[in-house]
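What follows is a single structure, written as structure tokens, with notes after it.
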Amino acid sequence: MARYADPGALEWVESGGGPLIAVPETVLPFWAGADSEELDTDYDRACEVDGYVGLLPVGDSAALVFGDEPAATSYLPDHATFVRWSAARSETELLASVPAALTTAVWGSEVHWRVPGPVLLFDSAWPGQAAGRIEHLRVPLEAGTYAVRAAYVQPGPETWAGLVRLSRLPH
């Protein structure tokens, strides 16, 4: 698989074609991915998410599903934002466009995501128990509730990206 940013400043997670998902570490064993005896697998449920983001129950928590397209995704802690690489000539070009894009983005509806702590971003087809052996990104979120909003931006003539911004809500 071609890597967008190899080598680069960030770790990027890609999928085999389906949605990416951020699952709280505490409930990873409850995410079965496509490996399930059920007719409607966790992966099937993730594929049904309409829009850029959605929440799915997992154990006593919820996972954040990155819908729309299976774009390479990373996390920018300085902006509390997941960035989804749709098109750009380089990682440097894409990342340089993010601050301005955050101020001009037309944000979609807000969802509230309660997390017990750090989450792992990975391909939703994989079971959570395999996350340590597959391509993943650990995002060290603090426990709490986050307002999550997504936008698709075109900050340059050849640069397109998805942004998923997290804002921690007061207790």
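Coordinate-derived values only; no laboratory data. Quick caveat: nothing in here was measured; it's all calculated off a predicted structure. Heads up, the Cβs are rebuilt from the backbone with ideal geometry, glycines too, and the neighbour counts pull from every protein chain shown.
Conditions first: (1) touching a helix residue (DSSP H, G or I) at 6+ places or on another chain (Cβ under 9 Å); (2) over 20 Å from TRP113 (Cβ atoms); (3) surrounded by 17 or more Cβ atoms within 10 Å (Cβ to Cβ); (4) not polar (S, T, N, Q). ASP35 passes all but one, so which condition is the exception?
(3)
Being over 18 Å from TYR52 (Cα atoms) and of a type in the set (Asp, Glu) is the filter here; which residues of segment 80-122 pass it?
Of everything in segment 80-122, those that are over 18 Å from TYR52 (Cα atoms) and of a type in the set (Asp, Glu) turn out to be GLU91, GLU93.
Each row is one residue, and each column tells you yes or no for (1) touching a strand residue (DSSP E or B) at 6+ places or on another chain (Cβ under 6 Å); (2) surrounded by fewer than 20 Cβ atoms within 10 Å (Cβ to Cβ); (3) within 25 Å of THR26 (Cα to Cα); (4) not hydroxyl-bearing (Ser, Thr, Tyr).
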position	(1), (2), (3), (4)
LEU64	yes, no, yes, yes
THR103	no, yes, no, no
GLY108	yes, yes, no, yes
TRP113	yes, no, yes, yes
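Hey, any hits in segment 134-155 for a residue that's aromatic (Phe, Trp, Tyr) and crowded, with 21+ Cβ neighbours inside 10 Å? Give the derivation first.
The initial filter retains those residues of segment 134-155 that are aromatic (Phe, Trp, Tyr), namely 146, 152.
Imposing the further condition that a residue be crowded, with 21+ Cβ neighbours inside 10 Å reduces the set to none.
Looking for residues that are aromatic (Phe, Trp, Tyr) and crowded, with 21+ Cβ neighbours inside 10 Å, one finds none in segment 134-155, hence no.
Only one of (1) in contact (Cβ under 8 Å) with a residue 40 or more places away in the chain; (2) under 15 Å from VAL23 (Cα atoms) is not met by LEU141, so which one is it?
(1)
Before we move on, is SER124 among the polar types (S, T, N, Q) and surrounded by 19 or more Cβ atoms within 10 Å (Cβ to Cβ)?
On the way: among the polar types (S, T, N, Q): yes; surrounded by 19 or more Cβ atoms within 10 Å (Cβ to Cβ): yes.
Yes, satisfied.
Which of the residues that make up segment 74-94 are within 21 Å of SER124 (Cα to Cα) and out of contact with any Ser or Thr (no Cβ under 9 Å at 6 or more places or on another chain)?
SER74, LEU76, THR81 - these are the residues of segment 74-94 that are within 21 Å of SER124 (Cα to Cα) and out of contact with any Ser or Thr (no Cβ under 9 Å at 6 or more places or on another chain).
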